[in-house]
Amino acid sequence: MLALLSSAARHARRRPGGALLAILGVALGVAVVLGIDLANAASLRAMELSVERAAGRATHSVVGSPDVDERLLRTLRADLGLRAAAPVVERDVALSPAESTAAPAPDEVLRLLGLDPFCEAPFRPYLASAESGFAVDLDRFLASPDAVLLGAETARRLGVEVGARLDLRLGAERRSVELIGVLEPRDGFDAELLRGLMLCDIATAQELTGSLGRLTRIDLVLDDGPAGEAQRAQVEALLGPGERIESTGARVGTLARLTRGFRLNLQALSLLALVVGGFLVFNALSFAVVERREELGLLRTLGATRAQVSVAILIETGLLAGVGVVLGLVLGTALGAGLVHLVLRTINDLYFSLEVGASTLAPGSLGKAAVLGLVTSMVAVLAPLREALRIEPHRALQRSSLEQRAQSRARLGLVLGAVLLILGAAVIAAAGRSIQISYAGLFAGLVGAALIAPRATDLLLGLAEGPLARLLGGTGRMAARGARRSLSRTSVAVAALSVALAASLGVAVLVTSFRATVVTWLDSALVGDVFVTSPSLTATRTTGSIDPSLVERLERTPGIVGTQTFRGRVLQTSVGRVQVIGVGIDRARFERYLFAEGSAAIWDDFAAGRACVVTEPLAFHHGLSLGDEFEIESPGGALTLPIGAVTRDYASDSGVVVVHLELLNGLLEDERLSSFTFEVAQDASVDAVIAGLRERLAPDEDLQIRSNRSLRAETLRVFDRTFAVTSVLRALTLVVALVGVFSALSALGLDARRELATLRAVGMTPGQLWRTLSTQHALLGAAAGLYAIPLGYALAWCMVAVINRQAFGWTLLDLEPAYGAVATAVVGSVVVAVLAGAWPARRVSRSSVVEALRDE
Amino acid sequence: MTAPEIHNTGGPAAVQTHGLVRRVSEGGVEREILRGVDLRLERGEFVALLGRSGSGKSTLLNLLGGLDAPDEGEIWIDDQRVDTLDETARTVLRRRRIGFVFQAFNLVPTLTVLENVLLPLELDGRADRAARARARELLVDVGLGDRADSFPDRLSGGEQQRVAVARALAGEPALVLADEPTGNLDHETGNGVLDLLERLVRERGVTLLVVTHSAEAAGRADRALEMDDGRLVGG
């Protein structure tokens, strides 16, 4: 056995390229999967911490629509005897740089948590010191109307000390607060919980957020089991309109569900990288075995049993895969650290503010990636091992039988591939709303397409043979034949390249189409010339609160000829908590909506508050359609409206419901606004109007005033940022595939050294040799690229029409051709294939023909 | 410039070498494989080259075929000095003037039998209709007229070597170099291949140099040369 292993080791030393490429294949596959997994795990942990930070040990919370009357707390404590009940006011606030209206950087957003220290003991232990009750000067905390606390680490990061004054942005207003103490965490977990938290007394928070008498929620610790159920029922009996009780576990679930589609898409892309990496490993390892078929035949002749040869090869593979996995774990950890920022930035842009500390190494993620890498490698080596063991001990395996087997494998691949394609299509058609099932169908289809790839490539190369022979004579024919005959050893790499190119092309088509749709949607959604909003802490949400008198004052600015107003609040509805947007718009503006179902003909009912409009994602996620009754709960009672139309909207993938502003004001019993737009007279300058508006703002009024153009640019910037992580993964998958093709083709060239030397001996010049090899490789690259085009478009259609809809509820207007991506796919694969041939061609051209002929 | 005369028998020589030296470096030590070889082959002559393994036979053959270059000395083929040519010029000379027959056949597995035979002409841009007809005739001559469209790995060893003989002659060369052409074949098949090779070169007046260990093969030749430790010692 030792002799077998030494033979393998010497082989690897003599041909280090093959071993290195196998290691690289495993490493890249493992790195991508681990990187994404770490980034996803970090964002999930950030969500958990964000809930834990605020909820502490509460088991349940009472929430309202939109908030809870604080008198309920007294009722719960007095009437039900619930001592473990604590009031909470919670709100994202931004630290405002003094004298500036610039948008806050994401890391300056804090979670303001207003608490009642007397009720807190059972809830948030990090607020208490280890030895004695509350960790700071309680008198000042309660008595001072602007006293706040920060975690020690947050204070250090912001560079503020006790006694410092901090400017906060709260909706349209700026407020100044005083840091009266810092909380020293007792351990690393507390430190995590305190990160990005600003604490104050409940009354202070109510005053700061303008919600006197109202609470964001009431936290409860209910008993376990039937007693808890009974308590829950008692609480429920006391709740008013729009109020309900929910478990805190459900809140983590809600956050996770919001970003589920996004995270799942990332995971699928990382799995694709692993599949492509698996192909690469398969290719490198099977090549290593095929290359040694004669040696293995000899070993078998000398008495090595199949088991001995198998064990030796498996040990060799295990060692190579082991090195690859370790390298992959290191690379993946670094990649994860980079990706987590991209992922969190997107979550911050699209969903809610999140913060994560130094990325922690999750043993689960590391283990999962390592096992995946090792298992893929072992599975990858099984087929070539079986091939090698078929070698009759008395003779080495001949090329002709290799080719025959490759051909019968290709036939089998065609049948299996066709079955998988049909199965995949059927699964996707039957997937309903399940994105996981759709992905399973998509993967089945992709594997099917990969299985068909060798046959399809063979067909394309066969078609190329005649024209090439006419064009280039014998060299052309030899190149086409050589490419076809090499498929026994390159088909896996070519299939992997096709699939990777198709995936890359598919994603490019998706992103291009999506962007084109968003541009069209922006044209319809962005009317007016100047947008005014309270500063928003996430890029696509406006839930701020602006006094309507401010609008009246601002619209007197010269040059303004029209105003439209908007208001957004999250309310309890018949399909859960949903953003309800009230729009104070006219008929012309309503007619510009991109209706997916229904039309602007319902304007009269809409304007009269007799119908609502839901966005596509909301309709999709909750199975809503025209005419369905939609119920909105509010302090003023529940209201039921028919759905008059469904519109396209790409601002929120959880969906919103749109009603007329007057209706929403009536429900909320006040007339505050979130944003408004001004139309500017044709002869007036938008910039001058914006300057005029800014002059009219008092120093403590903080509004974002932007032109249509800048808002549009900002939206597209957020869009591009959202897909940045996708682009990184696409590039990684392509790199993995290209490394595979490079390794397969350069190894093939080296393996054909003797054949090439014969050509040189019978009169082929180095230039002719280079041209033949380049043409042969270019053909393989082009075949892979061409096969990828229909596959890429099919994939794009699937992602747009099925997966994207399931993940986000969006449909796109059109599928854009993305010619640039097509050209990149074909040209890229040809270039890489040609480059892969350059090294062996150069080696053979430069080395002695005599040596090469003697080498076998 | 004309070739120096060695063993001049009257007419111009097909091959002449003068003071050929070839050295190789092994582990930092230089070793002379050829130590000043002077050789003259007449046109249409069939010469056998004998010698022990490692005596330098194949090295001499490779130098004559332009597959390798000497460290010292001159090589003339049909009044053209070969050792001073660059790689590409040597390659062009090889495909136009020299045919090779190897011990291991060395057919190109991705080409059919006919395409293998046509290969030197194809590379030289001469594979026209007439050339194809000649290649088919050659295949008939070597007894493989019905296997033109087969791939090499479908043929037996003897059949493959017969294709190699046809390939060596397809470009109408002046010189055929055969390096142990029967070494991989059984006695009977080997004799058959030698019969064929001898008949075809004699019919065409082509010079043939055969490296062999077989006294029987050497017995067919017009002349037998022997190499020992890098020097020609007989003939």
Quiz prompt | Selected residue [away from every other protein chain (no Cβ under 14 Å) and at pLDDT below 70] from A:R395, A:R390, A:R386, A:R399 | solution = A:R390
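Can you pull out the residues in region A:463-486 that are within 11 Å of chain B (Cβ to nearest Cβ), aliphatic (A, V, I, L, M) and in contact with a Leu (Cβ under 7 Å, 6 or more places away or on another chain)? Even if it seems obvious, please write down each step before you answer.
Initial filter on region A:463-486 (within 11 Å of chain B (Cβ to nearest Cβ)): A:469, A:472-486.
Among the residues that remain, those that are also aliphatic (A, V, I, L, M) are: A:469, A:472, A:478-480, A:483.
Hits for region A:463-486 are A:M478, A:A479, A:A480, A:A483.
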Quiz item: Which one of the conditions (1) part of a strand (DSSP E or B); (2) buried (at least 20 other Cβ atoms within 10 Å of the Cβ); (3) more than 37 Å from the chain's Cα centre (by Cα) does A:E178 fail to meet, given that it meets all the rest?
Solution: (2)
Practice problem: Can you give me the number of residues within region B:156-173 that are within 12 Å of chain A (Cβ to nearest Cβ) and at positive phi? | Solution: 0
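Among the candidates A:L734, A:L756, A:L738, A:L748, single out the residue that is within 14 Å of another protein chain (Cβ to nearest Cβ), out of contact with any strand residue (DSSP E or B) (no Cβ under 6 Å at 6 or more places or on another chain) and closer than 23 Å to A:V26 by Cα.
On the way: A:L734 fails: within 14 Å of another protein chain (Cβ to nearest Cβ); A:L756 fails: closer than 23 Å to A:V26 by Cα; A:L738 fails: within 14 Å of another protein chain (Cβ to nearest Cβ).
Of the residues listed, the single one that is within 14 Å of another protein chain (Cβ to nearest Cβ), out of contact with any strand residue (DSSP E or B) (no Cβ under 6 Å at 6 or more places or on another chain) and closer than 23 Å to A:V26 by Cα is A:L748.
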Quiz item: Only one of (1) part of a helix (DSSP H, G or I); (2) modelled with pLDDT under 85 is not met by A:A155, so which one is it?
Solution: (2)
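Only one residue in A:R672, A:R717, A:R712 is in contact (Cβ under 8 Å) with a residue 24 or more places away in the chain and within 30 Å of A:G506 (Cβ to Cβ), so which one is that? First the steps, then the outcome.
Details: A:R672 fails: within 30 Å of A:G506 (Cβ to Cβ); A:R717 fails: in contact (Cβ under 8 Å) with a residue 24 or more places away in the chain.
Unique residue meeting the criteria: A:R712.
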Quiz item: For region A:425-464, how many residues meet the condition of being part of a helix (DSSP H, G or I), surrounded by fewer than 23 Cβ atoms within 10 Å (Cβ to Cβ) and polar (S, T, N, Q)?
Solution: 1
Quiz item: Where residues in region B:59-78 are more than 10 Å from every other protein chain (Cβ to nearest Cβ) and assigned to a loop (DSSP other than H, G, I, E, B), which of them is surrounded by the fewest Cβ atoms within 10 Å (Cβ to Cβ)?
Solution: B:D71
Practice problem: Check off (1) touching a residue at least 24 places away in the same chain (Cβ under 8 Å); (2) within 14 Å of chain B (Cβ to nearest Cβ) for A:G767 and give me the number that stays unchecked. | Solution: (1)
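Could you list, in sequence order, all residues of region B:141-162 that are among the basic types (K, R) and in contact with a Leu (Cβ under 7 Å, 6 or more places away or on another chain)?
Passing the criteria: B:R147, B:R162.
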Quiz item: So which of A:L791, A:L779 ends up being away from every other protein chain (no Cβ under 14 Å), within 47 Å of the chain's Cα centre (by Cα) and within 26 Å of A:A453 (Cα to Cα)?
Solution: A:L791
Quiz prompt | helices (runs of 4 or more DSSP H) wholly inside region A:624-722 that include at least 3 residues being more than 35 Å from the chain's Cα centre (by Cα) and not charged (D, E, K, R) | solution = A:661-668, A:686-696
Quiz item: Does region B:45-54 contain at least one residue that is outside any strand (DSSP E or B), under 25 Å from A:T758 (Cα atoms) and within 14 Å of another protein chain (Cβ to nearest Cβ)?
Solution: yes
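Given the options B:V24, B:V29, name the one that is out of contact with any Gly (no Cβ under 8 Å at 6 or more places or on another chain), without any contact (Cβ under 8 Å) to a residue 60 or more places away in the chain, β-branched (V, I, T) and within 14 Å of chain A (Cβ to nearest Cβ). Break it down into steps so the answer makes sense when it comes.
On the way: B:V29 fails: within 14 Å of chain A (Cβ to nearest Cβ).
Result: B:V24 is the single residue among B:V24, B:V29 that is out of contact with any Gly (no Cβ under 8 Å at 6 or more places or on another chain), without any contact (Cβ under 8 Å) to a residue 60 or more places away in the chain, β-branched (V, I, T) and within 14 Å of chain A (Cβ to nearest Cβ).
Select from region A:487-502 the residues that are of a type in the set (S, T, N, Q) and buried (at least 21 other Cβ atoms within 10 Å of the Cβ) and write down the one among them that is nearest to the other protein chains (Cβ to nearest Cβ). Even if it seems obvious, please write down each step before you answer.
Here is the first cut: in region A:487-502, the residues of a type in the set (S, T, N, Q) are A:488, A:490-491, A:498.
Of the ones still in play, those that are also buried (at least 21 other Cβ atoms within 10 Å of the Cβ) are A:490-491, A:498.
Numbers: A:T490: 13, A:S491: 16, A:S498: 23 Å.
Among them, the one singled out is A:T490.
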Exercise. Tell me, please, whether a residue that is assigned to a helix (DSSP H, G or I), at pLDDT below 80 and within 14 Å of chain B (Cβ to nearest Cβ) can be found in region A:807-818.
Key: no
Practice problem: Could you figure out which of (1) in contact (Cβ under 8 Å) with a residue 40 or more places away in the chain; (2) not in a helix (DSSP H, G or I) isn't true of A:F742? | Solution: (2)
Quiz item: B:G190 passes all but one of (1) surrounded by 21 or more Cβ atoms within 10 Å (Cβ to Cβ); (2) at pLDDT 90 or above; (3) in a helix (DSSP H, G or I); which number fails?
Solution: (2)
Quiz item: Counting residues that are buried (at least 21 other Cβ atoms within 10 Å of the Cβ), at pLDDT 90 or above and more than 9 Å from chain A (Cβ to nearest Cβ), which helices (runs of 4 or more DSSP H) fully inside region B:79-155 reach at least 1?
Solution: B:113-123, B:129-141
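Take region A:617-639 and flag every residue that is touching a residue at least 60 places away in the same chain (Cβ under 8 Å), farther than 16 Å from A:G655 by Cβ and either surrounded by fewer than 21 Cβ atoms within 10 Å (Cβ to Cβ) or not hydroxyl-bearing (S, T, Y) (or both). Working first, answer last.
Kept after step one, since they are touching a residue at least 60 places away in the same chain (Cβ under 8 Å), are these residues of region A:617-639: A:617-621, A:632-638.
Now restrict to residues that are farther than 16 Å from A:G655 by Cβ: A:633-638.
Those that are touching a residue at least 60 places away in the same chain (Cβ under 8 Å), farther than 16 Å from A:G655 by Cβ and either surrounded by fewer than 21 Cβ atoms within 10 Å (Cβ to Cβ) or not hydroxyl-bearing (S, T, Y) (or both): A:E633, A:P635, A:G636, A:G637, A:A638.
The values are calculated or read from the model by the stated rules, or taken from the named source; none is laboratory data. Nothing here was measured: the structure is a model prediction, and the numbers come from that model. As a convention, Cβ positions derive from the backbone with ideal geometry for all residues, glycine included, and neighbour counts pool all protein chains shown.
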